[in-house]
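Here's the structure, in structure tokens; my notes come after.
The values are calculated or read from the model by the stated rules, or taken from the named source; none is laboratory data. All figures in this text were calculated on a predicted structure; none of them were measured in a lab. Heads up, the Cβs are rebuilt from the backbone with ideal geometry, glycines too, and the neighbour counts pull from every protein chain shown. Each accessible area value is taken on the protein alone, full model and side chains, heavy atoms only, with ligands, DNA and RNA left out. Shrake-Rupley method; radii C 1.70, N 1.55, O 1.52, S 1.80 Å.
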Amino acid sequence: MPPVFAHGRLRLYLLKLLDEAPRHGYEVIRLLEERFQGLYAPSAGTVYPRLAKLESEGLVTYATEGGRKVYSITEAGRAELADRGGELADLELEIRDSVSELAAEIRADVSGAAGDLRRELRAAASASATQVEDEGWKAAKEELRKAKAEWKEQARRAKDESRRAREEAQQARRQAKEAQERAREEVQRIAGQLQEQFAKSGGVLGSLAGAWLGGSTATPSSASAPSAPSSDAAPAPDPDWARDVPATGDPARDLDRLLDRFRDDIRDAARDRGVTAAQLSQARAHLAAAASRIATDLDPRG
């Protein structure tokens, strides 16, 4: 039988189960058996050593309740789980595939046992062709019928679970990609608002936002001196901003990189030009609006 979990994947799935709720070891084993439709249940010798290793690495902790250890995920464990979000979606698919493979093996075993039973029944029928069919013969036929029915039901359940898992994983990937694009657009939009707002006063952050978007070339000396409001419209956000940031294939990690670029650009410009208290207050308001808007876009319920 092929392994149910590839190397390191059981560790990841244990973090997922503990992120859902604190659990003791026996409950973890029972949940894994339920996720596999009763076709697979890990032994205590498989689960408890991995929980102990996660605890030694600071990814989980435990408290003793009623003489049993109840494990909980730590912030470090949640950070690793978030960092491996794409791998977790793939793992869900692998679990459904494992259910299908286990069901196929059961189907093969049932088919082989049914074939052996049919041969034995034919031999018995040939040896006693002149005898009246007795209750034992009827019981054997009933067992064969039940075995066939059970095999069909297990095969149907495995097929349905595999199909649902693929659909859910595909939907999760689409949502993650859409959230990443919305976040990119929102960062550009908020940056444009910052530039437009501060350009009206000719302040340092006005030139800062313009430099970040490639729309202003003001020097530190010119930024520190008041200037007359310009009648020109604020430059539009650069559509190619951060296009040089390579994609990793993990939307959550790509979003972190975009936010790092945004922070670094603003920080560098502020360090070079300086920031006044009034400009800081305006920047805080715009960044709060940006954070709220991006968080709303990333909410799957939205």
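Is it the case that some residue within region 43-63 is open to solvent by less than 50 Å² (accessible area, probe 1.4 Å), under 30 Å from residue 155 (Cα atoms) and not small (Gly, Ala, Ser)? Checked against the condition, which is being open to solvent by less than 50 Å² (accessible area, probe 1.4 Å), under 30 Å from residue 155 (Cα atoms) and not small (Gly, Ala, Ser), region 43-63 yields at least one hit.
Here residue 216 fits the description: among the small types (Gly, Ala, Ser), surrounded by 15 or more Cβ atoms within 10 Å (Cβ to Cβ) and at pLDDT below 80. Exactly one residue out of 211, 225, 233 is crowded, with 16+ Cβ neighbours inside 10 Å and at pLDDT below 85: that is 211. Being touching a Pro at 6+ places or on another chain (Cβ under 8 Å) and at pLDDT 85 or above is the requirement here; does residue 62 meet it? Considered against the rule, which asks whether it is touching a Pro at 6+ places or on another chain (Cβ under 8 Å) and at pLDDT 85 or above, residue 62 comes out as no. At pLDDT below 80, in contact with a helix residue (DSSP H, G or I) (Cβ under 8 Å, 6 or more places away or on another chain), polar (S, T, N, Q) and over 30 Å from residue 257 (Cα atoms): does that describe residue 162? Judged against the criteria, residue 162 is a match. With respect to residue 21, is the statement that it is within 24 Å of residue 164 (Cβ to Cβ), without any contact (Cβ under 8 Å) to a residue 12 or more places away in the chain and open to solvent by less than 50 Å² (accessible area, probe 1.4 Å) true? It is true that residue 21 is within 24 Å of residue 164 (Cβ to Cβ), without any contact (Cβ under 8 Å) to a residue 12 or more places away in the chain and open to solvent by less than 50 Å² (accessible area, probe 1.4 Å). Restricting attention to region 141-159, and to residues there that are of a type in the set (Gly, Ala, Ser) and at pLDDT below 85, which single residue is most open to solvent (accessible area, probe 1.4 Å)? Among those that are of a type in the set (Gly, Ala, Ser) and at pLDDT below 85, it is 155.
Going by the structure shown, is residue 178 surrounded by fewer than 15 Cβ atoms within 10 Å (Cβ to Cβ), under 27 Å from the mean Cα position of the chain (by Cα) and at pLDDT 80 or above?
For residue 178, the condition - surrounded by fewer than 15 Cβ atoms within 10 Å (Cβ to Cβ), under 27 Å from the mean Cα position of the chain (by Cα) and at pLDDT 80 or above - is met.
Taking each residue of region 263-291 that is open to solvent by less than 70 Å² (accessible area, probe 1.4 Å) and looking for partners that are assigned to a loop (DSSP other than H, G, I, E, B) and of a type in the set (Lys, Arg) with beta-carbon atoms closer than 6 Å, six or more apart or interchain, yields nothing.
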